[in-house]
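Note sheet for the following structure.
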Amino acid sequence: MNTAQDLKGTRFRAYNPATARLAELLGMTPVQVEAADIPQAFATGIVEAMITSPVTGVDSQAWDFARYFYDLKAWIPKNMVVVGRRAFESLSPQDREALLQAARRAEERGWRLSQEQEEKAIQTLAARGMQVVKPSAALMADLKKVGQTMILEWQRQVGATGVQVYRRYLGR
């Protein structure tokens, strides 16, 4: 698989509106398949491709039904803790600073553990016989174009506030 053109007509595992739209924009046919049903969906030809994290690839034992894992770096899990402004501001300055320091430590640890888990999963996929492939520049360019389309569509849906949040996120 070298370009998005190579995906056209493929039956693609979709599990939410975003993955279904991704499939449509790439010329694939989205098929709703839950994670627990992935192996059977491949075995019976219901789907021929999916996008997933290395960890889900291991969890679903992808080596039983696929030979290739294209490491797109598309899935980076993020967990967040949110605190209300009033609750945060009600803390003493010392407690606020302690909370922020703890948050920084947790963030660093979380990113490190996430990266370690991803690397371990990729090693497992390879050890089980899958070819872990670095995607071509052309494929990545095609996927970025689709991503830009999806971002613009999302921005039209969420309006100015959503766009502002997105821009702040990118600025980090």
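Values in this text are rule-based calculations from the coordinates and carry no lab data. Remember, it's a predicted structure, so these values are computed and weren't measured experimentally. Cβ coordinates were reconstructed from backbone atoms using ideal geometry, including for glycine residues, and neighbour counts include every protein chain displayed.
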Inset, instruction - In nm, give the distance between the simple-model label positions of A35 and Q131, each being 7 Å from the Cα along the Cα-to-Cβ direction. - result: 2.8
Legend entry - segment 1-133, relative contact order [Cα under 8 Å, separation at least 6], %: 25
Inset, instruction - Using Cα centres only, tell me the gap between segment 56-124 and segment 135-161 in whole Å. - result: 23
Legend entry - Positive-end residue of V58, A87, T44, charge dipole of segment 33-92 with Cβ unit charges: A87
Legend entry - Nearest-ten-degree value, helix 93-127 long axis tilted from longest Cα axis of the chain: 10
Legend entry - All lysines inside 19 Å of K144 as judged from Cα atoms, apart from same-chain residues fewer than 8 positions distant: K8, K73, K134
Legend entry - Spin-label pair A18/A103, simplified geometry with 7 Å Cα→Cβ offset, distance in nm: 2.2
